[in-house]
Amino acid sequence: MPPPWNTQNASLVVVGDVHRWWRPADVAFLERARPDLTLFVGDLGDEDVEMVELIADLAVPKAVILGNHDAWQSFGRKTCTPKLRASLERLGEDHIAYAVREVPAAGVSVIGARPFSWGGQSLRSPEIYDEIYGIHTMRQSAAAIVDAARNAQHRDLVILAHNGPTGLGDRTHDIFGKDFGKPGGDWGDRDLALALQRIEGMGLNVRAVIAGHMHHRLGHPRGSERTRFVRRDGVLFLNSARVPRIEPDQAGSDVSYFLRTTWRAGECLGVEEVWVDLHGDELSAASPEIVELDAGAPVIDEMEE
Ligand SMILES: [Fe+2]
Ligand SMILES: [Fe+2]
C-alpha cells in the first residue's frame, strides 16, 4: 500500500555506496526534492577527497557514515592518512559517527554507528579507531553507539551505518551474508548487533537500520542478487548498496538509484526505490518487497577483543 502522501510526512532519502557513481542530476534531484535529511552510507570513493567534497558541498541537510573504501589507504598503513583527515574535516558535523542528528519533522533521531566498517569479526585496523575516536575494541564501539542513542531527543531512532549488524542470516544471499572469499557466513558488524540489543533494552525504539557495503550483485553464486530489505521484530533493515548506482535503463539512458523512506511522528510509513533521469527528475518509485525474518536470538556479550 503506498504511503498516504501529505504535507505532514517527512522524507529521509538514502544514497547507497556511491563508488564515484555521482552526477549533476543527483544533485538536482536532491536540491529540488529537498528531503528532510539525505543519508549517505559511505564508500563515496577510494579515499577520494574530491568525491567527499562534492557531497560535503551539497546544499541539502545530510548525514554521512564513511565506508571502508573511504579509508582504504589508512587501513593499509594502520594510521589515518592526510586524505582521510581532510575528508573528515570537510564533512565536519555531517559525518555522524557515534553521534546524533535530530530530524524533528520525522519524529526521529538518527544515530551514527561505526564508520569505515569492512564487516566481519574484527575492526581490521583498530589503530584507526583509536586515533580518531579513542576506541580500539568492538565492545567500546558498541558502547559509543549506545551513548549516542542515550543523547537522542526522540524515542524513535534510525541507525545509519556502513555495514549492517550480525544476526540477519549467514547465507550468501542474506542481507549481510558473505558472498566472497570462502562464501557463506554472517558478515555483519558485531558491535552494531550488541548496540541494537542494548538500545532496545533502554526502552528506545529502533525503527530502521540503514546501511550498505554488501553490494546487491553477488560474487557467489555469480549473477544472483541478495535480499536487501528485511524486517525483524518490527525493525526495518535496509541495505542500500545497489552498485553501480547509475545504470542504463531499457531505453539505454542512464538512471540513478535512491531509496526514499517516508516518516510521520517516528513511524516509517513507506520505503521506495526511486529512479532518477539525467535531468534530476523522478522517473519511477516502487515499494520493494520486505522480507519478514523470525525473531533473532539474543546477542551474547562475549566480545573481548
Ligand atoms: Fe561498497
Ligand atoms: Fe564498503
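Laboratory data are not the source of any read-out in this text; all were calculated from the coordinates shown. For clarity, every value in this text was computed on a predicted model and none was experimentally measured. Don't worry about glycine lacking a Cβ; one is built from the backbone with ideal geometry, like all the others, and counts go over all protein chains shown.
Odds and ends about this structure:
- Test: Glu53 is crowded, with 20+ Cβ neighbours inside 10 Å, touching a residue at least 12 places away in the same chain (Cβ under 8 Å) and more than 20 Å from Ser287 (Cα to Cα): no
- Filter result for Val41 (among the β-branched types (Val, Ile, Thr), within 16 Å of ligand 2 (Cβ to nearest atom) and either closer than 26 Å to Tyr129 by Cβ or touching a residue at least 40 places away in the same chain (Cβ under 8 Å) (or both)): yes
- Of the residues making up segment 74-115, those that are within 16 Å of ligand 2 (Cβ to nearest atom), over 10 Å from Leu160 (Cα atoms) and in contact with a helix residue (DSSP H, G or I) (Cβ under 7 Å, 6 or more places away or on another chain) are Ser74, Phe75, Leu84, Ser87, His95.
- Residues in segment 204-257 that are among the hydrophobic types (A, V, I, L, M, F, W, C), within 16 Å of ligand 1 (Cβ to nearest atom) and under 15 Å from the mean Cα position of the chain (by Cα): Ile210, Ala211, Met214, Leu238, Ala241, Val243.
- Residues of segment 177-203 that turn out to be within 18 Å of Ser109 (Cα to Cα) and either of a type in the set (S, T, N, Q) or within 16 Å of ligand 1 (Cβ to nearest atom) (or both), as a count: 1
- Those strands (runs of 3 or more DSSP E) of segment 15-103 in which at least 3 residues are in contact with a Lys or Arg (Cβ under 8 Å, 6 or more places away or on another chain), considering only elements entirely within it, cover 37-40.
- For Glu47: the one exception among (1) under 30 Å from Gly266 (Cβ atoms); (2) touching an Asp or Glu at 6+ places or on another chain (Cβ under 8 Å); (3) crowded, with 17+ Cβ neighbours inside 10 Å: (1)
- All of Ile145, Ile132, Ile159, Ile111 fail the test of being touching a residue at least 12 places away in the same chain (Cβ under 8 Å) and in contact with a Cys (Cβ under 7 Å, 6 or more places away or on another chain), apart from Ile132.
- Residue count for segment 155-166 under the criterion of being surrounded by fewer than 21 Cβ atoms within 10 Å (Cβ to Cβ) and in contact with a Gly (Cβ under 6 Å, 6 or more places away or on another chain): the result is 1.
- The lone criterion from (1) over 16 Å from the mean Cα position of the chain (by Cα); (2) charged (D, E, K, R); (3) buried (at least 17 other Cβ atoms within 10 Å of the Cβ) left unmet by Arg190 is number (1).
- Residues (surrounded by 17 or more Cβ atoms within 10 Å (Cβ to Cβ) and of a type in the set (Phe, Trp, Tyr)) located in segment 5-34: Trp21, Trp22, Phe29
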